[in-house]
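Structure first, commentary second.
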Amino acid sequence: MSAHADRPAAADSIDVRTLTEADFPNWARATNTGFLRAAPYTDEDLALRLGRTDLPRARGAYDQGRCVATYRSFAQQLTVPGGQFVQANAVSSVTVTPTHRRRGLLSRMIRADLVEAKERGDVVATLIAAEYPIYGRYGFGHATSTHVWEIDTHRTGLDPRWSGPACGGRIDLVDAEEIRKLGPELHERFRAVRHGAIDRDEVWWKNRTGLTAYSFEPYPPAFYALYRGPAERGGQVEGLAAYRLDDNWGDAKQPLNTASVGNMITTTPDAERALWHYLCSVDWVSTVRTGYRAPDDLLPDLLPDQRAARIVTSADWLWVRVLDVVRALEARTYERSGTVVLEVADRLGLAGGRFRLTVSEFGTATCEPTSMDAELSLDVRELGALYLGGRSAVRMAALGEVTEGTAGAAARTDGLFRTARQPWCPDTF
């Protein structure tokens, strides 16, 4: 054996390639390792995972035949302000085995994928970041945030004898089959009005209702509540909540159970208020844990005693990377008219340049390359953060993240980009 046989492989000796079906078991094992899952994939898990993977868009890094880094992307639709859906390159399953960090493996995979996405005509790329510092250097910006509340049901001030919505609607407990039947259409209406949302395919609904799931995943929610609007609105389904209940009793035989919400979407404020009131009134439930919610959710303001809810998580969520500035900025609408000239820097060379954004009185925009002097200079990372309307250019200027070429340009950009509701993505991927 050579004296140097146990040295780490040089980065240029590691083979980075798209997957074949034969590569897949090794790749899946490395993915599990990266996400700290010790349990191996069963044959059924592998078949299920393979069916959910677009092999030409999945990459692995191989050192002497062993997969040591993983990456994949897939087609996604992202809702932007105004309700338009843009084609996104969704990035997922990103891991690097601890023994092979700091060798540029992620850089090689993500750069190749983003170039392909740009050539394919995708407008943006998206991801949910497990670690905050990584993705900004590839042009991704923190575009949406999320909160989790924990509610003490005994302190809410809501009527504990509540037996149904006062607005004329109704709540029904249904089974998973009914959710698979009614949920997709509800979600289509939801994502058409909530910017930051993404599409859900049939596989998503099957997985989240327990029809198909990996052996190592937690059981799906045991309870599903549907809110139907009043008769004058046609009794249409306007909201759903999926939740689990634990079985926890105190020493004095007092119920201390928690309702943990896995998924809640609504299309009307009536539905949102009614479902939270319902969850806070379930017998034996002393705590409701909300799951990931929009920062401007009606909670906790809908509670008579807002101190009954406390934020237990407040963090970044969806990250956006603009691939085509003109198409991205023209796809969304804006809340006021105006003009701003943006200088966009992009170290990967995919979306940089100087652009004049002009918004009409109707909120529609034209965006075109220009030689005019830049009024606001920013990295494509900051453009991605601003894109959905949830971040402040004024605050970015104060932090030194964007630079004004014209006094007041940051405030003017804020006036164009900011939205009345916060962008929100209720899903992970």
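The values are calculated or read from the model by the stated rules, or taken from the named source; none is laboratory data. As the structure is a prediction and not an experimental result, all values here were calculated from the model. Ideal geometry is used to build each Cβ from the backbone, glycine not excepted, and the neighbour counts take in all protein chains shown. Remember, those area values only see protein heavy atoms, side chains included, never the ligands or the DNA or RNA. Shrake-Rupley method; radii C 1.70, N 1.55, O 1.52, S 1.80 Å.
Miscellaneous remarks
- Any hit, the stretch 29-41, residues being surrounded by 17 or more Cβ atoms within 10 Å (Cβ to Cβ), within 30 Å of H195 (Cα to Cα), over 18 Å from the mean Cα position of the chain (by Cα) and at pLDDT 95 or above: no
- Residues of the stretch 407-429 satisfying the condition of being closer than 30 Å to M264 by Cβ and not in a helix (DSSP H, G or I): R418, T419, A420, R421, Q422, P423, W424, C425, P426, D427, T428, F429
- When the stretch 314-338 is filtered for residues that are open to solvent by 30 Å² or more (accessible area, probe 1.4 Å) and under 27 Å from N89 (Cα atoms), the ones remaining, listed by number, are S314, A315, D316, D324, V326, R327, E330, T333, E335.
- Note on the stretch 163-212: residues that are β-branched (V, I, T) and more than 18 Å from the chain's Cα centre (by Cα) amount to 5.
- Annotation: V359 fulfils all but one of (1) surrounded by fewer than 18 Cβ atoms within 10 Å (Cβ to Cβ); (2) over 30 Å from S93 (Cβ atoms); the unmet one is (1).
- Of the set (1) more than 30 Å from D45 (Cα to Cα); (2) within 24 Å of the chain's Cα centre (by Cα); (3) in a loop (DSSP other than H, G, I, E, B); (4) not aliphatic (A, V, I, L, M), all apply to G291 but (1).
- Scope the stretch 148-168; condition modelled with pLDDT of 95 or more and open to solvent by less than 30 Å² (accessible area, probe 1.4 Å); matching residues: V148, W149, I151, T153, T156
- Filtered by the rule that a residue be open to solvent by less than 10 Å² (accessible area, probe 1.4 Å) and not small (G, A, S), the stretch 172-189 gives I179, L186, H187.
- Selection from the stretch 64-85 of residues that are open to solvent by less than 10 Å² (accessible area, probe 1.4 Å), farther than 15 Å from L127 by Cβ and over 16 Å from the mean Cα position of the chain (by Cα): C67, V68, A69
- Of all residues in the stretch 108-125, those satisfying the criterion of being touching a residue at least 40 places away in the same chain (Cβ under 8 Å), crowded, with 24+ Cβ neighbours inside 10 Å and closer than 14 Å to S92 by Cβ are M109, A117, A125.
- Members of the stretch 206-220 found to be surrounded by 17 or more Cβ atoms within 10 Å (Cβ to Cβ) and among the β-branched types (V, I, T), listed by number: T209
- Residue ID - surrounded by the fewest Cβ atoms within 10 Å (Cβ to Cβ), chosen from residues in the stretch 402-429 that are over 27 Å from E188 (Cβ atoms) and out of contact with any strand residue (DSSP E or B) (no Cβ under 7 Å at 6 or more places or on another chain): A407
- A single entry from V193, V203 fulfils the requirement of being among the hydrophobic types (A, V, I, L, M, F, W, C), assigned to a loop (DSSP other than H, G, I, E, B), closer than 26 Å to L78 by Cα and open to solvent by 40 Å² or more (accessible area, probe 1.4 Å): V193.
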